[in-house]
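One structure below.
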Amino acid sequence: MRVLIVGCGYVGLPLGKELARQGHAVFGLRRSALAADEMQSAGIHPLLADVTQATTFAKLPCDFDWVVNCAASGGGGADDYRKIYLEGNRNLVSWLAGSPLKKFIYTSSTSVYGQNDGSMVTEKSPAEPDADTAKVLVETEKLLLAAAAERQFPAVVLRVAGIYGPARGHWFKQFLRGAARIEGDGTRWLNMIHRDDLIGVIIAALKNGKPGEIFNAADNEPVSQLTFFEWLAAELKRPLPPKVAADAEAWRRRGVTNKRVSNAKLRAELKYEFQFPDFRAGYAAEIARLNSSWLRS
């Protein structure tokens, strides 16, 4: 297959490397040429364009079988999200119209679920977030699903949980720095997925995902904040982080939610088997990686 990866960063670069290893012709699209050498070393052909600027696609080939859009905003507010995600995907749909495209994967986020009652959410649960950034992601999903329904655009949406892996993992890094805090009684649920599993899920969706479908991309076991830190403290032989009062208003401003994300549909329909089915397996690997780097230094 001829594959285009939009956004060759933390997820896109190793995804492209794995697809190239499997024998696909892989192209990677970025806004700058800074990572061109790294992409070529991974077996990815660099392309230069900006998803927020439709005119930059004019001279690029568009004869791709598979496209994965895992471009990230790099933070920012709703305006940045609107440019990168909503307008970016709209530009991609227009550019790829009439091409031989067989599958288009978009990595959305489980932040589209605004539930705060600790309930289990599935792809059929309401996606009605309070955060402005998450509302843009909902708009983006609707754009792609409408294109799938009305124009046979082969879009598949992955709602991705918190990504962790080499040099990544918000709560883990906070814990290592001694900056982590347990909020309230620590019962708020966290949902995660290891980067390597996300890559596997994307490839499974390229092969088996039906256009117009949504899949939650999270591992098999949501974990409470307290349980996560208790496990880390025991593994690293460090004290538990201190507790701080839960601030409902601050949570609302940050778009913090409290829900358990089910991946049952992903496992049933995409037939994906997780390398790291829960946080223990994934973070044990990261701790081993850290210990190895400390020994070498």
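The values are calculated or read from the model by the stated rules, or taken from the named source; none is laboratory data. Since we're looking at a predicted model, the values are computed, not measured. Positions of Cβ are generated from backbone atoms using ideal geometry, with glycine treated the same way; all protein chains shown enter the neighbour counts. Ligands, DNA and RNA are stripped out before the accessible areas are found, and what is left, the full protein with its side chains, is counted by its heavy atoms. Shrake-Rupley method; radii C 1.70, N 1.55, O 1.52, S 1.80 Å.
Below are the figures for this structure:
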| quantity | calculated |
| --- | --- |
| Carbon/sulfur fraction of accessible area - the range 1-102, other protein chains in place, 1.4 Å, % | 51 percent |
| Percentage relative contact order, the chain, counting C-alpha pairs under 8 Å, at least six apart | 17 percent |
| Accessible surface ranking that places the most exposed of 195, 151 first, with a 1.4 angstrom probe | 151, 195 |
| Cleavage-rule hits (trypsin sites (Lys or Arg not before Pro)) in the range 5-79: DSSP loop, at most 12 neighbouring Cβ within 10 angstrom | 59 |
| Distance from the range 1-27 to the range 84-151 (C-alpha centre basis), Å | 22 Å |
| Entries in 142/207; 237/265; 103/135; 17/102; 83/243 that, when Cα-Cα distance is taken, lie over 28 Å | 237/265; 83/243 |
| Computed label-point distance, nm, for sites residue 37 and residue 234 using a 7 Å Cα→Cβ extension | 4.6 nm |
| Approximate spin-label separation residue 278-residue 243, in nm, with each point projected 7 Å along Cα-to-Cβ | 2.3 nm |
| Computed FRET value (nearest 0.05) for residue 58 with residue 167, which takes r as the C-beta separation and R₀ as 41 Å | 0.70 |
| Gaussian network model of the chain, springs between alpha carbon atoms under 10 Å - residue of 280, 177, 168 with greatest fluctuation | 177 |
| Apportionment of accessible area to carbon and sulfur, the range 150-233, percent (1.4 Å) | 47 percent |
| Per residue accessible area of the range 39-174, 1.4 Å probe, in Å² | 44 Å² |
| Gain in span if fully extended, residue 72 to residue 292, counting 0.36 nm per residue against the direct Cα distance | 76.2 nm |
